[in-house]
Amino acid sequence: MRLSGEILPPPPDDPALALKQFLREDGTALDESAIPKIANAELGRMLRGMLTIRIMDERLLGMQRQGRIGFYGEARGQEAAVIGAAAALGPKDWLVPALREAGAAIYRGLSLRTYISQIFGNENDVAKGRQLPCHPGTRAARYVTMSSCIATQLPHATGMAMAAKILKEDSVILGCLGDGASSEEDFHVGLNFAAVFRAPVVFFCQNNQWAISTPTTRQTASPTYAIKAYAYGMRAARVDGNDVLAVYSAVKEAVDQARSGGGPTFIEALTYRVSAHSSSDDPTRYRDESITEKWRQKDPIERFQKYLIARKVITAATIETMKSEIETEVREAIAAEESVGAPPLRSIIEDVFAEVPQFLADELAEIESLPRQKLGGVHQ
Ligand SMILES: Cc1ncc(C[n+]2csc(CCOP(=O)(O)OP(=O)(O)O)c2C)c(N)n1
Ligand SMILES: [Mg+2]
């Protein structure tokens, strides 16, 4: 059976849940005066961030198909949501990701090489190959490594926000989630605690209308995800997730509120997962791809580019130059990291105990004594 995945319209009588949008699908502004003032350099940086995600996704998914990396998850079609949210954060703020926010880590300063080293799990990878590919973490860019277990990051985000509040650190936590996370108990734990204790956290839900093969119509009977915020007693906002300026504005407003002691907000960014869930998935087996095609036409990058060109922030030629610069950067980072070897074998027994117990040292010695071909998938 093919499921449609289209969601019900928001309640017409609730202005807080109307879809906030600044840019029409053709890139024209609904009301230029309503758009927050953002410096041209910052707008250009936002476009670069979105293009970086698109180019990286294309190259890295291709590499997974060639067997050069083990796994990849794209954020195609969700670039506006990822970058709009990242751009609204300050340097002291933390981002606790769900599944598709790696582009935000890069936007916040994670180098392409460091990101790609994590995908290879090579010797340069700070996680020493212990995380699934596409799960970067960077203290410097204040981006927590992805938990993989859906929704567990939400109590973490609330806890981090409480810590920041107690320590008077003045930082806000962006706790990300997908629509699928709303069905997990950790969603309730994270949101309820945050609202009761007015934690400086913003919950940012990318409703891409699918959770692997579960469509929104099977995920919730609520008319929207945003409406769930009201049950917890927090502010709600619902934005067009393919409109980077609308996302930026909603997240900025929520972050400012949280920073000034106003407590949490829950934001639903409506978008669509136009690709497969991951390199391990084939959506043609469970969904109607003619709807996906309609969403591909609502491309967030094209919409933003048209707006920037019309406003003379950037020219089409400059965008082309930007794309080829990013392509070169990505190609060079892949070439450099692909040739780096695996982490040393002994790293598999390190970092857990302050002193390596004898039984682990013995096991390592046994593995090291095996002929190389018997080590199977273990690289030395
Ligand atoms: C607790 C838990 N249950 C199931 C899974 C398997 N799983 C991985 S991603 C995913 C769907 C997530 O959907 P959503 O939250 O909408 O995020 P999206 O993939 O759409 O970005 C599921 C069920 C998991 N990782 N953790
Ligand atoms: Mg989803």
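The values are calculated or read from the model by the stated rules, or taken from the named source; none is laboratory data. All values derive from a computational prediction rather than experimental measurement. We place every Cβ from the backbone using ideal geometry, glycine too, and count neighbours over all the protein chains shown. We work out accessible area using only protein heavy atoms, side chains counted, and drop any ligands, DNA or RNA first. Shrake-Rupley method; radii C 1.70, N 1.55, O 1.52, S 1.80 Å.
If R0 is 35 Å, the Cβ-Cβ spacing of residue 331 and residue 127 corresponds to a FRET efficiency of close to 0.90.
Over region 61-144, the fraction of Cα-Cα pairs per 5 Å bin, rounded to whole percents and listed from the shortest bin up, is 3, 15, 25, 26, 18, 10, 3, 1. The calculated FRET efficiency for the pair residue 293 and residue 170, based on their C-beta separation and a Förster distance of 56 Å, comes to about 0.80. What translational D, rounded to a whole number of µm²/s, comes out for the chain from Stokes-Einstein when the hydrodynamic radius is the Kirkwood one over Cα pairs, at 25 °C and 0.890 mPa s? Estimated diffusion coefficient is 113 µm²/s. Stokes-Einstein diffusion for region 13-103 at 10 °C, viscosity 1.306 mPa s, with a Kirkwood radius from C-alpha pairs, works out to 102 µm²/s. Overall shape of region 229-380 was characterised from the C-alpha gyration tensor. The equivalent ellipsoid obtained from it has semi-axes of 44, 27, 20 Å, in decreasing order. Protection proxy ranking for 28-41, 156-169, using the average of other Cβ atoms within 10 Å per residue and placing the highest first: 156-169, 28-41. Ignoring ligands, DNA and RNA, please state the percent of accessible area on the chain from carbon and sulfur, probe 1.4 Å. Percent of accessible area from carbon and sulfur atoms in the chain: 54. For region 242-255, backbone phi angles converted through the Karplus equation (6.51, -1.76, 1.60; θ = phi - 60°) give residue-by-residue couplings of 9, 10, 4, 6, 5, 5, 3, 5, 5, 5, 4, 4, 5, 5 Hz, Gly and Pro being listed as x.
Here the sum of -39500 (n - 2.57) over DSSP H runs of 4 or more residues, divided by the residues of the chain, equals -12500 deg cm²/dmol at 222 nm, to the nearest 500. Shown is the FRET efficiency for residue 355 and residue 37, computed with R0 = 51 Å from the Cβ-Cβ distance and rounded to the nearest 0.05: 0.35.
Non-local lysine pairs in the chain, meaning eight or more places apart or on different chains, with alpha-carbon distances under 17 Å, amount to 10.
Compared with the dominant Cα axis of the chain, that is its longest principal axis, helix 300-310 is turned about 60°.
Relative to the longest principal axis of the Cα atoms of the chain, the long axis of helix 185-196 lies at roughly 60 degrees.
Helix 316-338: angle to the longest alpha-carbon principal axis of the chain, degrees 0 to 90, nearest 10? It is inclined by approximately 20 degrees. The residues of region 209-363 present an accessible area of 46 Å² per residue when probed at 1.4 Å with all protein chains retained.
Mean projected area of the Cα convex hull of region 27-175, taken over all directions, amounts to 10.4 nm².
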